[in-house]
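Shown next, in structure tokens, is the structure this report addresses.
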Amino acid sequence: MKKIEKILQKEELEKEDLVYLLSLEDDDEIELLRQKAEKVLFDFVGNKVFYRGLIEFSNICTSDCFYCGIRKSNAKPSRYSLSEEEIIEQAKQCADLGYGSIVLQSGERSDEKFVSFVEKTVKKIKENSISEKLPDGLGITLCVGEQSEENYRRLYNAGAHRYLLRIEATNPILFEKIHPPSQKYETRIQALKALKKVGFQVGTGVMIGLPEQSYEDLAGDILFFKEMDIDMLGMGPYLVHNETPFAKYSDYYEKNKEKIYKLGLKMIALCRIFLKDVNIASTTALEAMHECGREDGLSFGANVIMPQLTPIYRRKEYLLYEGKPCMELSAEEFNISISNKIASIGRVVGRDLWGDSKHALKKTESK
Ligand code: 5AD
């Protein structure tokens, strides 16, 4: 029996197994990994794909992450914030399209004006989205960065019930290499713990294919997700943005594109196999690298898609990386195209549902 077959038969994978599987290069072997991930997905989660309409409501950011196109030191994008009315309109469209949940994402800010704006908007969305199809309103996921525990509590009490905060890299040394000294690894960990304490279903994730990132680092990321008892994952390949300090890695990136893409898919598969019942998003960054990126992500074990609901005229100001897809596609057009893609790989769409992860639901049931 080949080494990969032996490993895939194990009940529990160890770190060295994860490292080995991340290093697979042979397409037939990668296909075996994909099949295993798909089986675990069907056994533990089912074949439904859940949508979250993504509203990038502001690109104003106080952070300066070396890789990100909306970092505060990049003077190129004109900075915007959608009004409460605009956000509510997008949220209503989301509910009309049958997406049971939205993600409100923005650059990182923790000033009172910002936090109270988000708090108020969340309350309004909840009130405005109660319908026969959604008796508890739209499910709301927030992705607005590091905040104090008190702020997290306010946002939770306003009606948001899921929160995404990527750790970006769980190796503290790598984390330090990709962030300025003012952004601390320990603060990020404390923020993740505070989110859990407050009661949010918590999602995190990393960038895959960062310069100087090893297979051991990525295997460590997967172990971290388990240890932190994470409910949702949003991970994607790292992509260069030319107006960032990491533009210096353009050559590295160009040379390794294919490898990074495959690594992104292998990470999804391994997280599915290792964590089993969490929600995993097939992210925009995958599609930015390959036109079949979203379907590939799903067939490697992801079960969540985040269609763009940011108004088209604002999307070009929210470029975290270059090559972002669907810049001109209306929500309706995207809906048709993604629904066809999902059907083409034998999966079904979970409409008008919040689509919480089985992992999170199990925890609530046992309380
Ligand atoms: N490439 C890939 N992902 C990126 N993000 C930010 N910049 C990039 C980039 N250049 C991701 C980060 C962040 C999420 C919103 O987008 O992981 O948490």
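A few comments on the model shown:
- Positions within region 329-351 being in a loop (DSSP other than H, G, I, E, B) and buried (at least 18 other Cβ atoms within 10 Å of the Cβ), in sequence order: Arg347
- Subset of region 104-113 [closer than 21 Å to Cys65 by Cα and free of Cβ contacts under 8 Å to residues at least 12 places away in the same chain]: Asp111
- The residue that is most open to solvent (accessible area, probe 1.4 Å), among those in region 301-319 that are in contact with a strand residue (DSSP E or B) (Cβ under 8 Å, 6 or more places away or on another chain) and part of a loop (DSSP other than H, G, I, E, B), is Met306.
- Residue match in region 314-327 (condition: within 15 Å of the ligand (Cβ to nearest atom) and among the aliphatic types (A, V, I, L, M)): yes
- If you go through region 221-259 and keep only what is within 13 Å of the ligand (Cβ to nearest atom), part of a helix (DSSP H, G or I) and in contact with a helix residue (DSSP H, G or I) (Cβ under 7 Å, 6 or more places away or on another chain), you end up with just Lys257.
- The set of residues from region 85-96 being open to solvent by 20 Å² or more (accessible area, probe 1.4 Å) and within 21 Å of Ser110 (Cα to Cα) is empty.
- Subset of region 97-122 [crowded, with 23+ Cβ neighbours inside 10 Å and either farther than 30 Å from Asp356 by Cβ or in contact with a Pro (Cβ under 9 Å, 6 or more places away or on another chain) (or both)]: Tyr99
- Helices (runs of 4 or more DSSP H) contained entirely in region 114-214, each with at least 3 residues that are within 20 Å of Ala285 (Cβ to Cβ) and more than 13 Å from the ligand (Cβ to nearest atom): none
- Pick from region 9-42, criterion without any contact (Cβ under 8 Å) to a residue 60 or more places away in the chain and not acidic (Asp, Glu), ranking: farthest from Ser214 (Cα to Cα): Phe42
- Taking the criterion of being surrounded by 14 or more Cβ atoms within 10 Å (Cβ to Cβ) and farther than 22 Å from Gly234 by Cα, the residues of region 130-144 that qualify are Leu134, Gly137.
- Taking each residue of region 337-351 that is under 9 Å from Phe50 (Cα atoms) and touching a residue at least 12 places away in the same chain (Cβ under 8 Å) and looking for partners that are aliphatic (A, V, I, L, M) and part of a helix (DSSP H, G or I) with beta-carbon atoms closer than 6 Å, six or more apart or interchain, yields Val349/Ile342.
- Across region 100-114, the number of residues qualifying as out of contact with any helix residue (DSSP H, G or I) (no Cβ under 6 Å at 6 or more places or on another chain) and aliphatic (A, V, I, L, M) comes to 2.
- Test for Ala281: is it of a type in the set (A, V, I, L, M, F, W, C), within 19 Å of Val206 (Cα to Cα) and in a helix (DSSP H, G or I): no
- Within region 62-98, tally of residues that are of a type in the set (A, V, I, L, M, F, W, C) and closer than 24 Å to Pro237 by Cβ: 4
- Residue in region 145-160 that is within 17 Å of Pro237 (Cα to Cα) and surrounded by fewer than 19 Cβ atoms within 10 Å (Cβ to Cβ) present: no
- Of the residues making up region 171-182, those that are buried (at least 16 other Cβ atoms within 10 Å of the Cβ) and either touching a Cys at 6+ places or on another chain (Cβ under 7 Å) or without any contact (Cβ under 8 Å) to a residue 24 or more places away in the chain (or both) are Phe175, Ile178, His179.
- The residue pairs whose first member lies in region 155-170 and is farther than 28 Å from Glu216 by Cβ, whose second member is at pLDDT below 95 and within 15 Å of the ligand (Cβ to nearest atom), and whose beta carbons are closer than 7 Å, counting only pairs six or more residues apart or on different chains, do not exist in this structure.
- Flag if Glu322 is touching a His at 6+ places or on another chain (Cβ under 6 Å) and open to solvent by 20 Å² or more (accessible area, probe 1.4 Å): yes
Yes/no matrix, rows are residues, columns are (1) over 20 Å from Leu192 (Cβ atoms); (2) in contact (Cβ under 8 Å) with a residue 12 or more places away in the chain:
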| position | (1), (2) |
| --- | --- |
| Thr244 | yes, yes |
| Lys255 | yes, no |
| Leu263 | yes, yes |
| Met267 | no, yes |
| Arg272 | yes, yes |
| Asn279 | no, yes |
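The values are calculated or read from the model by the stated rules, or taken from the named source; none is laboratory data. These figures come from a predicted structure and were not determined experimentally. Using ideal geometry, Cβ is built from the backbone for each residue, glycine included, and neighbour counts are taken over all protein chains shown. Heavy atoms of the whole protein, side chains included, go into the accessibility calculation; ligands, DNA and RNA do not. Shrake-Rupley method; radii C 1.70, N 1.55, O 1.52, S 1.80 Å.
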